[in-house]
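Following: one structure in structure tokens, then a few remarks.
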Amino acid sequence: MNNKVKVGLLVLVFAVCARFFGIDKALVEELTDKVEETEKIGHLTNYLPTTNLGDTISYGDFFTVSYSNNHRQAEWVAYELSKENLAKDEFPRSPSFKTDDRVEKEFQARSEDYTSTGFDRGHLAAAADFSWSKDGIEMTFFTTNVSPQEPDFNRGIWKQLESHVRGWAIQYEQLYVVTGPILTERAKKRFPKEKNYIAVPQRFYKVLLNYTDDNPIAIGFIMKNEDSKEHLSTFVVSIDEIEKITGIDFFPELPNDIEKSVEAQKNLSDWGLDAMSRSASLEYDESEAQ
């Protein structure tokens, strides 16, 4: 039984007790507030990681970015992904990338900076994760949500992982997702040619947490920014390992014992990765190339 169901039943019990057994209304309201607050904690009202390289930017109810001016890209993008939202009608993708007025232009990559570089404008918060909202999709096309990715990587193994994340969100009803480039490593390359201010990451990471019941599970992935036909399980790491590389503390608001447990996990069976075929298709839709 998940937390939302438990909370609903407890609130119902309190209401019945107040109605038929004469329990003080103020006491019932106090108990209800405490239970609902527990439900909020169970669903991580603050699930954001620590920020090391910049300031956070909130994109409403959609996602939050920790943006690094020095790298002209985010160190992480974090959001909640739910089965409920993914089941809604889909809106079309935004036609183009654009800068965000909340970040000074001198510290922001422009869409045209990517032209003829050989790199894709790679989404960190996947556009398809917000297909249920026109505003959400448009926000994923801010260049603050973009990092340079090799085309075969962006349209191949990375896209496959993004698709699986949506599948897991549907399976588990809700996930917390944190994605970013590893900016603590030497850049693979820099562009545009005359300015060299956009760093091309060597590797990217993705962190997932399901916290909908009493047995939270988590997993991490680190992938090289290059084409790969390897099975997704090849890239599985614990969150602890990603923290050591990036210096980021993921899910610091979790109770300490739970944080310690989930961040050490890398159980393939929890995510169906132990049973997946190594011949999984990596085909992509050419229309999604940027």
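Side notes on the structure shown:
- Scanning the range 274-290 for residues that are within 14 Å of Ile157 (Cα to Cα), at pLDDT 95 or above and either in contact with a Cys (Cβ under 8 Å, 6 or more places away or on another chain) or not basic (Lys, Arg) (or both) turns up nothing.
- Within the range 215-228, the only residue that satisfies the criterion of being part of a loop (DSSP other than H, G, I, E, B) and within 14 Å of Trp168 (Cα to Cα) is Pro216.
- For the range 212-253, a tally of residues being within 12 Å of Tyr176 (Cβ to Cβ) and in contact with a helix residue (DSSP H, G or I) (Cβ under 7 Å, 6 or more places away or on another chain) returns 8.
Each row is one residue, and each column tells you yes or no for (1) within 14 Å of the chain's Cα centre (by Cα); (2) at pLDDT below 95.
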{"residue": "Pro49", "(1), (2)": "yes, no"}
{"residue": "Asn52", "(1), (2)": "no, yes"}
{"residue": "Gly60", "(1), (2)": "no, yes"}
{"residue": "Tyr67", "(1), (2)": "no, no"}
{"residue": "Trp76", "(1), (2)": "yes, no"}
{"residue": "Pro95", "(1), (2)": "no, yes"}
{"residue": "Ala128", "(1), (2)": "yes, no"}
{"residue": "Trp132", "(1), (2)": "no, no"}
{"residue": "Ile137", "(1), (2)": "no, no"}
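- Among residues of the range 204-227, those that are over 17 Å from Val165 (Cβ atoms) and buried (at least 19 other Cβ atoms within 10 Å of the Cβ), counted: 1
- Identity of the residue in the range 159-189, among the polar types (S, T, N, Q) and surrounded by fewer than 16 Cβ atoms within 10 Å (Cβ to Cβ), that ends up nearest to Pro216 (Cα to Cα): Gln171
For (1) closer than 24 Å to Gln171 by Cα; (2) surrounded by 10 or more Cβ atoms within 10 Å (Cβ to Cβ); (3) of a type in the set (Phe, Trp, Tyr), each residue gets a yes or a no:
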position: Asn85; (1), (2), (3): yes, yes, no
position: Asp89; (1), (2), (3): yes, no, no
position: Glu106; (1), (2), (3): no, no, no
position: Glu112; (1), (2), (3): no, no, no
position: Phe119; (1), (2), (3): no, yes, yes
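- Any hit, the range 234-252, residues being within 15 Å of Leu209 (Cβ to Cβ), surrounded by 14 or more Cβ atoms within 10 Å (Cβ to Cβ), touching a residue at least 12 places away in the same chain (Cβ under 8 Å) and of a type in the set (Phe, Trp, Tyr): yes
- A Cβ distance below 8 Å, combined with a sequence gap of six or more or placement on separate chains, defines the contacts here; from the range 154-171, residues that are aromatic (Phe, Trp, Tyr) reach no residue that is surrounded by fewer than 18 Cβ atoms within 10 Å (Cβ to Cβ).
The values are calculated or read from the model by the stated rules, or taken from the named source; none is laboratory data. Remember, predicted model here, so these are calculated numbers, not experimental data. Cβ sites come from the backbone with ideal geometry, for glycine too, and all protein chains shown count toward neighbours.
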